[in-house]
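So the structure is just underneath, and the comments pick up after that.
The values are calculated or read from the model by the stated rules, or taken from the named source; none is laboratory data. Given the structure is predicted, the values throughout are model-derived calculations rather than measurements. Here the Cβ positions follow ideal geometry from the backbone for every residue, glycine too, while neighbour counts run over all protein chains shown. Ligands, DNA and RNA are excluded from the accessible area calculation, which covers all protein heavy atoms including side chains. Shrake-Rupley method; radii C 1.70, N 1.55, O 1.52, S 1.80 Å.
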Amino acid sequence: MSATVRQAKSMSSPGCSKALRQSVFDVLTCPLCKEYMHPPITLCQGGHNICSSCRPGLQFSGGNKCPRCRRPLLETRNVALETIARGLRYPCRYNGSGCREKFSMEEIAEHHAHCVHRLYDCPLRALESCTWCGSLPEVHGHVEATHSSCTLGAAVVGEGEFTWEVSNAECYQNSHHAVFALGDVFVFHKRFDIPQRKLFVAVQQCWGAQERCRYELLLHKNSGKQTALLSSVVHGDKEDLEQVFLSGDCIKVDFDMLMNFVKGTRTMRIVATRSQ
(Lines give C-alpha, C1' and ligand atoms only; values in the text may rest on other atoms or scores of the structure.)
Protein backbone atom coordinates (compact mmCIF):
# COMPACT_ATOMS: atom_id res chain seq x y z
CA MET A 1 0.00 0.00 0.00
CA SER A 2 1.43 3.38 -0.99
CA ALA A 3 2.07 6.16 1.53
CA THR A 4 -0.61 8.35 -0.12
CA VAL A 5 -3.27 5.61 0.15
CA ARG A 6 -2.34 5.03 3.82
CA GLN A 7 -2.66 8.77 4.43
CA ALA A 8 -6.10 8.85 2.79
CA LYS A 9 -7.31 5.96 4.93
CA SER A 10 -5.93 7.49 8.10
CA MET A 11 -7.77 10.76 7.42
CA SER A 12 -11.07 8.86 7.27
CA SER A 13 -10.37 7.12 10.57
CA PRO A 14 -11.93 8.30 13.86
CA GLY A 15 -8.48 9.13 15.22
CA CYS A 16 -7.76 11.77 12.62
CA SER A 17 -8.24 15.27 13.98
CA LYS A 18 -11.35 17.13 12.89
CA ALA A 19 -9.25 20.17 11.91
CA LEU A 20 -7.01 18.10 9.62
CA ARG A 21 -9.96 16.45 7.88
CA GLN A 22 -11.68 19.80 7.43
CA SER A 23 -8.55 21.34 5.92
CA VAL A 24 -8.43 18.55 3.33
CA PHE A 25 -12.14 18.98 2.54
CA ASP A 26 -11.54 22.73 2.14
CA VAL A 27 -8.74 22.04 -0.38
CA LEU A 28 -11.05 19.67 -2.26
CA THR A 29 -13.95 22.15 -2.42
CA CYS A 30 -14.25 23.94 -5.75
CA PRO A 31 -14.52 27.75 -5.28
CA LEU A 32 -16.96 27.96 -8.19
CA CYS A 33 -19.52 25.13 -7.92
CA LYS A 34 -18.87 24.50 -4.19
CA GLU A 35 -18.87 20.74 -4.79
CA TYR A 36 -15.98 18.49 -3.82
CA MET A 37 -13.53 17.94 -6.68
CA HIS A 38 -13.16 14.52 -8.23
CA PRO A 39 -10.61 13.14 -10.71
CA PRO A 40 -9.23 14.34 -12.97
CA ILE A 41 -8.05 17.15 -10.70
CA THR A 42 -5.67 19.35 -12.68
CA LEU A 43 -3.46 22.27 -11.67
CA CYS A 44 -2.95 25.85 -12.74
CA GLN A 45 0.45 27.46 -13.17
CA GLY A 46 0.17 28.86 -9.65
CA GLY A 47 -0.42 25.42 -8.11
CA HIS A 48 -4.18 25.72 -7.47
CA ASN A 49 -6.41 22.70 -8.02
CA ILE A 50 -8.97 22.91 -10.83
CA CYS A 51 -12.37 21.20 -10.65
CA SER A 52 -12.98 18.80 -13.55
CA SER A 53 -16.66 19.82 -13.71
CA CYS A 54 -15.90 23.56 -13.96
CA ARG A 55 -12.77 23.41 -16.12
CA PRO A 56 -14.61 23.20 -19.49
CA GLY A 57 -16.46 26.42 -18.64
CA LEU A 58 -13.21 28.14 -17.66
CA GLN A 59 -11.65 27.14 -20.97
CA PHE A 60 -14.68 28.42 -22.87
CA SER A 61 -15.44 31.69 -21.06
CA GLY A 62 -12.63 32.26 -18.57
CA GLY A 63 -9.77 32.59 -21.01
CA ASN A 64 -8.29 29.30 -19.75
CA LYS A 65 -7.31 31.06 -16.51
CA CYS A 66 -7.46 29.93 -12.89
CA PRO A 67 -10.45 31.49 -11.03
CA ARG A 68 -8.21 32.16 -8.01
CA CYS A 69 -4.98 33.58 -9.37
CA ARG A 70 -5.85 34.11 -13.06
CA ARG A 71 -2.74 32.23 -14.16
CA PRO A 72 -2.97 29.72 -17.06
CA LEU A 73 -4.46 26.25 -16.58
CA LEU A 74 -2.18 23.24 -17.06
CA GLU A 75 -2.87 19.67 -18.13
CA THR A 76 -0.85 18.39 -15.15
CA ARG A 77 -2.90 16.26 -12.75
CA ASN A 78 -2.62 16.36 -8.96
CA VAL A 79 -2.36 12.57 -8.60
CA ALA A 80 -1.64 12.68 -4.85
CA LEU A 81 -4.79 14.71 -4.13
CA GLU A 82 -6.86 12.45 -6.41
CA THR A 83 -5.71 9.41 -4.42
CA ILE A 84 -6.60 11.08 -1.13
CA ALA A 85 -10.00 12.11 -2.53
CA ARG A 86 -10.85 8.52 -3.47
CA GLY A 87 -10.22 7.29 0.06
CA LEU A 88 -12.33 9.85 1.94
CA ARG A 89 -15.90 9.75 3.21
CA TYR A 90 -17.32 13.21 2.58
CA PRO A 91 -19.67 14.99 5.01
CA CYS A 92 -22.76 16.59 3.56
CA ARG A 93 -22.34 20.33 2.98
CA TYR A 94 -25.63 20.78 4.90
CA ASN A 95 -24.33 19.18 8.09
CA GLY A 96 -24.82 22.51 9.84
CA SER A 97 -28.55 22.20 9.08
CA GLY A 98 -28.83 18.71 10.49
CA CYS A 99 -27.54 16.21 7.91
CA ARG A 100 -25.08 13.77 9.50
CA GLU A 101 -24.56 11.46 6.53
CA LYS A 102 -21.26 10.85 4.75
CA PHE A 103 -20.65 9.59 1.23
CA SER A 104 -17.92 8.52 -1.12
CA MET A 105 -16.50 10.87 -3.73
CA GLU A 106 -18.75 9.34 -6.40
CA GLU A 107 -21.93 9.71 -4.32
CA ILE A 108 -21.65 13.07 -2.57
CA ALA A 109 -22.75 15.37 -5.44
CA GLU A 110 -25.89 13.30 -6.03
CA HIS A 111 -26.67 13.44 -2.32
CA HIS A 112 -26.24 17.23 -2.25
CA ALA A 113 -28.78 17.56 -5.07
CA HIS A 114 -31.44 15.68 -3.07
CA CYS A 115 -30.54 16.21 0.58
CA VAL A 116 -33.68 17.18 2.53
CA HIS A 117 -31.62 19.72 4.49
CA ARG A 118 -30.57 21.64 1.35
CA LEU A 119 -31.84 25.08 0.43
CA TYR A 120 -34.84 25.06 -1.88
CA ASP A 121 -35.75 27.58 -4.57
CA CYS A 122 -39.26 28.95 -4.62
CA PRO A 123 -41.37 26.45 -6.61
CA LEU A 124 -42.71 29.42 -8.62
CA ARG A 125 -39.23 30.85 -9.21
CA ALA A 126 -39.35 30.96 -13.00
CA LEU A 127 -43.07 31.65 -13.31
CA GLU A 128 -43.13 34.53 -10.80
CA SER A 129 -39.48 35.73 -11.17
CA CYS A 130 -38.94 34.94 -7.49
CA THR A 131 -35.37 34.71 -6.18
CA TRP A 132 -36.24 33.45 -2.68
CA CYS A 133 -34.63 30.28 -1.35
CA GLY A 134 -34.86 28.65 2.07
CA SER A 135 -35.23 25.42 4.01
CA LEU A 136 -37.99 22.92 3.24
CA PRO A 137 -40.13 23.84 6.30
CA GLU A 138 -40.08 27.48 5.15
CA VAL A 139 -41.29 26.88 1.58
CA HIS A 140 -45.01 26.58 2.31
CA GLY A 141 -45.09 29.77 4.37
CA HIS A 142 -43.16 31.69 1.72
CA VAL A 143 -45.50 30.66 -1.11
CA GLU A 144 -48.64 31.47 0.89
CA ALA A 145 -47.27 34.83 2.02
CA THR A 146 -45.70 35.97 -1.25
CA HIS A 147 -47.74 34.17 -3.93
CA SER A 148 -51.12 33.77 -2.22
CA SER A 149 -53.02 34.23 -5.49
CA CYS A 150 -51.06 31.31 -6.97
CA THR A 151 -51.73 28.82 -4.17
CA LEU A 152 -54.38 26.08 -4.20
CA GLY A 153 -55.60 24.05 -1.26
CA ALA A 154 -55.85 20.33 -1.98
CA ALA A 155 -58.18 18.01 -0.05
CA VAL A 156 -57.03 14.57 1.08
CA VAL A 157 -59.54 12.02 -0.22
CA GLY A 158 -57.59 8.81 0.41
CA GLU A 159 -54.13 7.46 1.02
CA GLY A 160 -51.81 9.10 -1.51
CA GLU A 161 -54.65 10.98 -3.21
CA PHE A 162 -55.38 14.73 -3.28
CA THR A 163 -58.04 16.67 -5.20
CA TRP A 164 -59.16 20.23 -5.93
CA GLU A 165 -61.94 21.72 -8.00
CA VAL A 166 -61.48 23.76 -11.20
CA SER A 167 -64.20 26.33 -11.86
CA ASN A 168 -65.82 26.63 -15.26
CA ALA A 169 -64.38 30.12 -15.81
CA GLU A 170 -60.83 28.90 -15.03
CA CYS A 171 -60.98 26.43 -17.91
CA TYR A 172 -60.56 29.28 -20.38
CA GLN A 173 -57.70 31.08 -18.62
CA ASN A 174 -53.96 30.55 -18.62
CA SER A 175 -52.70 30.13 -15.07
CA HIS A 176 -50.32 28.36 -12.71
CA HIS A 177 -50.77 27.43 -9.06
CA ALA A 178 -48.71 25.70 -6.38
CA VAL A 179 -50.32 22.70 -4.68
CA PHE A 180 -48.80 21.21 -1.51
CA ALA A 181 -49.44 17.47 -1.35
CA LEU A 182 -47.68 14.14 -0.66
CA GLY A 183 -44.89 15.97 1.18
CA ASP A 184 -43.95 17.75 -2.04
CA VAL A 185 -44.95 20.76 -4.11
CA PHE A 186 -46.74 20.41 -7.43
CA VAL A 187 -47.33 23.21 -9.92
CA PHE A 188 -50.65 23.05 -11.76
CA HIS A 189 -50.45 24.62 -15.24
CA LYS A 190 -53.42 25.49 -17.48
CA ARG A 191 -53.14 26.75 -21.02
CA PHE A 192 -56.16 27.47 -23.24
CA ASP A 193 -55.29 27.40 -26.93
CA ILE A 194 -57.86 29.46 -28.83
CA PRO A 195 -56.84 28.46 -32.40
CA GLN A 196 -56.92 24.75 -31.49
CA ARG A 197 -59.95 25.18 -29.21
CA LYS A 198 -58.31 23.02 -26.56
CA LEU A 199 -57.47 23.24 -22.87
CA PHE A 200 -54.01 21.91 -22.02
CA VAL A 201 -53.38 20.82 -18.42
CA ALA A 202 -50.05 19.74 -16.92
CA VAL A 203 -48.81 19.10 -13.39
CA GLN A 204 -45.15 19.42 -12.51
CA GLN A 205 -43.60 17.90 -9.39
CA CYS A 206 -40.94 20.15 -7.90
CA TRP A 207 -38.64 17.88 -5.93
CA GLY A 208 -39.78 14.26 -5.85
CA ALA A 209 -39.52 11.35 -8.26
CA GLN A 210 -42.16 12.19 -10.84
CA GLU A 211 -42.64 8.58 -11.95
CA ARG A 212 -44.45 7.81 -8.71
CA CYS A 213 -47.40 10.14 -9.38
CA ARG A 214 -50.10 10.70 -11.95
CA TYR A 215 -52.48 13.59 -12.41
CA GLU A 216 -56.07 13.26 -13.55
CA LEU A 217 -58.91 15.51 -14.65
CA LEU A 218 -62.38 14.14 -13.90
CA LEU A 219 -65.34 15.75 -15.68
CA HIS A 220 -68.63 14.90 -14.02
CA LYS A 221 -72.33 15.83 -14.47
CA ASN A 222 -75.88 14.54 -13.98
CA SER A 223 -75.02 12.99 -10.61
CA GLY A 224 -72.31 10.87 -12.15
CA LYS A 225 -74.34 9.57 -15.06
CA GLN A 226 -71.91 11.24 -17.43
CA THR A 227 -68.18 11.29 -16.69
CA ALA A 228 -64.89 11.63 -18.53
CA LEU A 229 -61.49 10.86 -17.05
CA LEU A 230 -58.23 12.09 -18.58
CA SER A 231 -54.85 11.20 -17.09
CA SER A 232 -51.12 11.65 -17.56
CA VAL A 233 -47.85 11.12 -15.69
CA VAL A 234 -46.66 14.01 -13.53
CA HIS A 235 -43.83 15.95 -15.18
CA GLY A 236 -40.43 16.48 -13.59
CA ASP A 237 -39.15 19.89 -12.55
CA LYS A 238 -36.50 19.82 -15.29
CA GLU A 239 -39.02 19.34 -18.10
CA ASP A 240 -39.76 22.30 -20.37
CA LEU A 241 -43.51 22.89 -20.05
CA GLU A 242 -43.58 24.86 -23.30
CA GLN A 243 -42.37 21.74 -25.09
CA VAL A 244 -44.86 19.61 -23.15
CA PHE A 245 -47.72 21.80 -24.37
CA LEU A 246 -46.38 21.93 -27.94
CA SER A 247 -45.99 18.15 -28.10
CA GLY A 248 -49.35 17.53 -26.46
CA ASP A 249 -47.71 15.26 -23.88
CA CYS A 250 -50.26 16.28 -21.24
CA ILE A 251 -54.00 16.31 -20.67
CA LYS A 252 -55.84 17.83 -23.64
CA VAL A 253 -59.54 18.68 -23.51
CA ASP A 254 -61.52 19.72 -26.59
CA PHE A 255 -63.65 22.84 -26.32
CA ASP A 256 -66.76 20.81 -27.23
CA MET A 257 -66.12 18.45 -24.32
CA LEU A 258 -65.71 21.39 -21.95
CA MET A 259 -69.01 22.81 -23.14
CA ASN A 260 -70.68 19.42 -22.69
CA PHE A 261 -69.69 19.45 -19.02
CA VAL A 262 -70.20 23.19 -18.49
CA LYS A 263 -72.93 22.51 -15.89
CA GLY A 264 -70.96 19.80 -14.16
CA THR A 265 -67.84 19.69 -12.02
CA ARG A 266 -64.19 19.53 -12.96
CA THR A 267 -61.94 17.83 -10.40
CA MET A 268 -58.14 17.63 -10.57
CA ARG A 269 -56.54 14.76 -8.75
CA ILE A 270 -52.92 13.80 -7.92
CA VAL A 271 -52.50 10.12 -7.23
CA ALA A 272 -49.40 8.43 -5.86
CA THR A 273 -48.62 5.23 -7.74
CA ARG A 274 -46.43 2.37 -6.66
CA SER A 275 -42.98 2.26 -8.24
CA GLN A 276 -42.62 -0.53 -10.75
Val244 vs. criteria of a type in the set (Val, Ile, Thr) and assigned to a helix (DSSP H, G or I): yes
Subset tally (residues that are open to solvent by 40 Å² or more (accessible area, probe 1.4 Å), in contact (Cβ under 8 Å) with a residue 12 or more places away in the chain and among the polar types (S, T, N, Q)) for the stretch 29-65: 3
Which of the residues belonging to the stretch 156-175 are in contact with a strand residue (DSSP E or B) (Cβ under 6 Å, 6 or more places away or on another chain) and open to solvent by less than 50 Å² (accessible area, probe 1.4 Å)? Gly160, Glu161, Phe162, Thr163, Trp164, Val166, Cys171, Ser175
Residue that is surrounded by the fewest Cβ atoms within 10 Å (Cβ to Cβ), among those in the stretch 115-138 that are under 20 Å from Ser175 (Cβ atoms) and in contact (Cβ under 8 Å) with a residue 40 or more places away in the chain: Leu127
Among residues of the stretch 242-276 being within 19 Å of Leu182 (Cβ to Cβ) and of a type in the set (Gly, Ala, Ser), the residue least open to solvent (accessible area, probe 1.4 Å) is Ala272
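Please count how many residues of the stretch 98-114 are open to solvent by less than 80 Å² (accessible area, probe 1.4 Å) and either out of contact with any Lys or Arg (no Cβ under 8 Å at 6 or more places or on another chain) or aliphatic (A, V, I, L, M) (or both).
At the first step, the residues of the stretch 98-114 found to be open to solvent by less than 80 Å² (accessible area, probe 1.4 Å) are 98-99, 103-105, 108-109, 111-113.
So of that shortlist, the ones also either out of contact with any Lys or Arg (no Cβ under 8 Å at 6 or more places or on another chain) or aliphatic (A, V, I, L, M) (or both) come out as 98-99, 105, 108-109, 111, 113.
Adding up the residues that qualify gives 7.
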Selected residue (criterion: farthest from Gly264 (Cα to Cα)) from residues of the stretch 128-153 that are of a type in the set (A, V, I, L, M) and modelled with pLDDT of 90 or more: Val139
So, in the stretch 223-241, of the ones that are outside any strand (DSSP E or B) and open to solvent by less than 90 Å² (accessible area, probe 1.4 Å), which residue ends up nearest to Thr163 (Cα to Cα)? Val234
Single residue of Ala178, Ala145 found to be without any contact (Cβ under 8 Å) to a residue 60 or more places away in the chain and open to solvent by 30 Å² or more (accessible area, probe 1.4 Å): Ala145
